[in-house]
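Peer 1: Take this structure, written in structure tokens, and hold onto it; I'll ask about it next.
Laboratory data are not the source of any read-out in this text; all were calculated from the coordinates shown. The shown structure was predicted, so the numbers you read here are calculated from the model rather than taken from an experiment. Here Cβ is always computed from backbone atoms with ideal geometry, including for glycine, and neighbour counts include all displayed protein chains.
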Amino acid sequence: MKPQTSIGAGEGQLNLVLWDGYADKSWADPFTAATGCKLNLHPAGSSDEMVSLMKDGGGGQWDMVSASGDADLRLIYGGDVKPMNTDLIPDWQNFDNYFKGPPYNTINGIHYGISLQWGPNTLLYNKKKFPNKPTSWQVIYDSANSGLITVPDNPIQIADAALYLSKTQPSLGIKDPYELTQKQFDATVALLKQQRPLIKKYWGLATDEISLFKNGDVQVGAAWPYQTIQLKAAGAPVDDTIPSEGATGWADTWMLATKATHPNCAYMWAKWVSTPKVQAMQALSFGETPVNSKACAEMEAQQAGSCHQYHADETGAAYFDTIKFWKTPLADCGNGSKTCIPYATWVTAWTSIKG
């Protein structure tokens, strides 16, 4: 399936499946004004929901999805997204080299989407409850915080627990939190089942977690930087941190549905969100790192010090290497053996964990 070679007239609509906050009014409204493409948004709570909505190539309903690394290959191999023409995205030339063709969205030199932003999953906490910044993820497994904890309702959360165990129980031998043997997987699931009674709520959308913290229903949880930024703006006494065990994270891509009915508006959107100005706006709104190397100056113009704060400068590469990015767990362990637990089993286990 060859990608289109030019961008025609906009179709007047664009239907997006996306993470909360990925089409903020501050850059979405000017896009609609400039292109005439009205955005219809469906915020998704997990990569599984995105994959489900994009089945059958978006079904003629959805045009694009802001997919993370644990969804990309499922969408590509499922035939639900199609190749995109990077020549139609002028700013693609300014992307950091890795993001021009990363392994999660580019196969054999064919680009199944346009890289967007990346960032870590963080520990969010109420500073009144925790006057000293927590240094370990242990706080979300600690019975002392029972009823005050929230984590994402997402099977990929198993990887966060595995990363924690890789540092706190080294005898398990966990090297990659997405490549778990049966023994490692069982230990991780056991930890999450112990955690279950301590959880106030598993959050589906970022806005759900924001409400939980605003209302004082929870005091600590796994989050994205977006929630911290929104809560601080609302005056909540919160902060976030990456504990000593490290963090998982995401690297996102705008992908085009195989059956997209508004492909010209889709390309216009991909162009728009790839520009340095919009990349900077999204980075500061969400608390993530842009892929466009020219976004740094724009970030500084919008908020002094932010380019370094969000690693959009030369510190980015080293910081990137510290994050265990979401990917789809496969039976193939990456070392040739087929003894790892595939994602379908993660999904089943997650249902049993939540009880």
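Peer 1: Multiply the residue gap between ALA234 and ALA144 by 0.36 nm, knock off their C-alpha separation, and tell me the result in nm, one decimal place.
Peer 2: Values: separation 90, 0.36 × 90 = 32.40 nm, distance 2.76 nm.
Contour length minus Cα-Cα distance gives 29.6 nm.
Peer 1: Just to verify a number: FRET efficiency for LYS175 and ALA33, C-beta to C-beta distance, R0 = 35 Å, to 0.05? Write out the running numbers ahead of the final one.
Peer 2: Numbers: r = 50 Å, r/R0 = 1.41.
According to the calculation, E is roughly 0.10.
Peer 1: Here's a follow-up. On a C-alpha basis, how far is the centre of segment 312-352 from the centre of segment 1-77 in Å? Whole number, if you could?
Peer 2: 24
Peer 1: Still on this structure, please answer the following. Where Rh is the Kirkwood radius over the Cα pairs of segment 6-50, the temperature 25 °C and the viscosity 0.890 mPa s, what D in µm²/s does Stokes-Einstein return? Before the final figure, lay out each step's value.
Peer 2: Values: Rh = 11.5 Å.
So the translational diffusion coefficient is about 213 µm²/s.
Peer 1: Pick from GLN303, GLN230, GLN195: which is most flexible by mean-square fluctuation in a GNM of the chain where alpha carbon atoms under 10 Å apart are linked?
Peer 2: For the chain, modelled as a Gaussian network with Cα springs under 10 Å, the answer is GLN303.
Peer 1: In segment 1-150, what % of DSSP beta bridges are antiparallel (nearest 5)?
Peer 2: Working: 2 of 10 bridges.
If I count the DSSP bridges inside segment 1-150, around 20 percent turn out antiparallel.
Peer 1: Take the chain, connect every pair of alpha-carbon atoms lying under 10 Å apart with a spring to form a Gaussian network, then pick out the residue of SER47, SER274, SER136 with the largest mean-square fluctuation.
Peer 2: Among SER47, SER274, SER136, the largest mean-square fluctuation in the Gaussian network model of the chain belongs to SER136.
Peer 1: Ratio of Rg to Rh for segment 23-164, alpha carbon only, Kirkwood? Intermediate values should be presented prior to the final figure.
Peer 2: Numbers: Rg = 19.0 Å, Rh = 18.3 Å.
The Rg/Rh ratio comes out at 1.04.
Peer 1: Another question, if that's okay. What ranking of TYR125, TYR319, TYR226 emerges when the number of other C-beta atoms within 10 Å of each C-beta is taken as an exposure proxy, fewest first?
Peer 2: Details: TYR125 26, TYR319 16, TYR226 23.
Taking fewest neighbouring Cβ atoms as first place, the list is TYR319, TYR226, TYR125.
Peer 1: If you rank ILE149, ILE242 by fewest surrounding Cβ atoms within 10 Å, what's the result?
Peer 2: Details: ILE149 21, ILE242 16.
Exposure proxy ranking, most exposed first: ILE242, ILE149.
Peer 1: Considering only DSSP beta bridges whose two residues both sit in the chain, what percent are antiparallel, to the nearest 5? Mind showing how you got there, number by number?
Peer 2: Numbers: 24 of 41 bridges.
DSSP beta bridges in the chain are roughly 60 percent antiparallel.
Peer 1: While we're on this one: Roughly how many nanometres apart are two label points built 7 Å out from the Cα toward the Cβ at LYS2 and TYR98?
Peer 2: Here the answer is 3.4 nm between the modelled labels.
Peer 1: Label-point separation (nm) for LYS129 and LYS183, each offset 7 Å from Cα along Cα-to-Cβ?
Peer 2: The answer from the label model is 3.6 nm.
Peer 1: So how long is each side of the chain along the principal axes, counting just the alpha-carbon atoms, biggest first, in Å?
Peer 2: 58, 48, 36
Peer 1: Please identify, among LEU231, LEU14, LEU124, the residue showing maximal mean-square fluctuation in a Gaussian network model of the chain using a 10 angstrom Cα cutoff.
Peer 2: Evaluated over the chain, the most mobile residue of the options is LEU231.
Peer 1: Once the convex hull of the alpha carbons of segment 231-303 is built, what does its volume come to per residue, in cubic angstrom?
Peer 2: Numbers: hull volume 10.9 nm³, N = 73.
Hull volume normalised by residue count: 150 Å³.
Peer 1: Starting with the fewest neighbours, write out GLU209, GLU300 ranked by other beta-carbon atoms found within 10 Å of each beta-carbon. Intermediate values should be presented prior to the final figure.
Peer 2: Details: GLU209 28, GLU300 16.
Sorted ascending by nearby Cβ count, the order is GLU300, GLU209.
Peer 1: Find, to one decimal place in angstroms, the Kirkwood hydrodynamic radius of segment 207-260, where the mean of 1/r is taken over every pair of different Cα atoms and then inverted. Each step should come with its number before you reach the end.
Peer 2: Details: mean 1/r = 0.0751 Å⁻¹.
Its Kirkwood hydrodynamic radius stands at 13.3 Å.
Peer 1: Next question. So which aspartates and glutamates can LYS214 reach, going by Cα to Cα under 18 Å and dropping same-chain residues fewer than 8 places off?
Peer 2: ASP20, ASP239, ASP240
Peer 1: Students often forget the sequence filter, so: which lysines lie under 18 Å Cα-Cα from LYS183 once same-chain residues fewer than 8 apart are removed?
Peer 2: LYS167, LYS175, LYS193, LYS338
Peer 1: Let me ask another. Report the number of Lys pairs in segment 226-337 whose alpha-carbons are under 26 Å apart, with separation of 8 or more residues or on distinct chains. Before the final figure, lay out the partial values.
Peer 2: On the way: LYS232/LYS277; LYS259/LYS271; LYS259/LYS327; LYS271/LYS294; LYS271/LYS327; LYS277/LYS294; LYS294/LYS324.
So the count of such lysine pairs works out to 7.
Peer 1: Which distance in nm do the two modelled labels at THR261 and ASN40 give, with both placed 7 Å along the Cα-to-Cβ direction?
Peer 2: The two pseudo-label positions are separated by 0.7 nm.
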